[in-house]
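Beneath this line is the structure, given in structure tokens, with notes to follow.
The values are calculated or read from the model by the stated rules, or taken from the named source; none is laboratory data. What you see is a predicted model; the values in this text were computed from it and never measured. All Cβ positions, even for glycine, are placed from backbone atoms using ideal geometry, and neighbour counts span all protein chains on display. With ligands, DNA and RNA removed, areas are computed over all heavy atoms of the protein, side chains included. Shrake-Rupley method; radii C 1.70, N 1.55, O 1.52, S 1.80 Å.
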Amino acid sequence: MNKQNSFMERALELARHAETQGEVPVGAVLVLDEKIIGEGWNQPIRRHDPSAHAEIMALRHAGQYQQNYRLPDSTLYVTLEPCPMCAGAIVHARVGRVIFGASDPRTGAAGSVFDLLPSDARFNHRTEVSGGLMADQSADLLRQFFRARRR
């Protein structure tokens, strides 16, 4: 298994953990120099915090670990395309790259609905983006979660 796949597999494990807590199954890991420096999973319901998305939690964790709110040259692996809120936090943290699994046709901010990462030239930081890494696994996890919820 290559490094990118192993980092995304860890994000999928975190997404499954979110699901066990009744949260939408999204997971994220932040990597710097081939080492995970931050992890997160969706927790807005449990924490009563609308900002507790997987990406935000991973950024918070990494910021504490690095003792810095700027995380340049890092790569964020996330199972679902970031929303506009998370895209804003990614830009402010100066994350170098985002690699996501499934596209989000409702609120995706990395090209699906909005194009905040990397195309918006109004920001003073550009984040490289690529999507589709282990997209089927990410999308299947989400589909199964919402199917079960509708029952």
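Laid out as a table, the results:
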read-out: Test: residue in segment 49-69 that is among the β-branched types (Val, Ile, Thr) and within 15 Å of the chain's Cα centre (by Cα); value: yes
read-out: Those residues of segment 127-151 which are part of a loop (DSSP other than H, G, I, E, B) and buried (at least 16 other Cβ atoms within 10 Å of the Cβ), in sequence order; value: THR127, LEU133, MET134
read-out: Residue satisfying condition, being open to solvent by less than 10 Å² (accessible area, probe 1.4 Å) and within 17 Å of GLY101 (Cα to Cα), within set ALA18, ALA62; value: ALA18
read-out: Positions within segment 26-59 being under 16 Å from VAL98 (Cβ atoms) and in a loop (DSSP other than H, G, I, E, B), in sequence order; value: VAL26, HIS53
read-out: Residues satisfying the stated conditions in segment 110-126, i.e. surrounded by fewer than 18 Cβ atoms within 10 Å (Cβ to Cβ) and without any contact (Cβ under 8 Å) to a residue 12 or more places away in the chain; value: VAL113, ASP115, SER119, ASP120, ALA121, ARG122, ASN124, ARG126
read-out: Among the residues listed as ASP33, ASP73, the single one being at positive phi and touching a strand residue (DSSP E or B) at 6+ places or on another chain (Cβ under 7 Å); value: ASP73
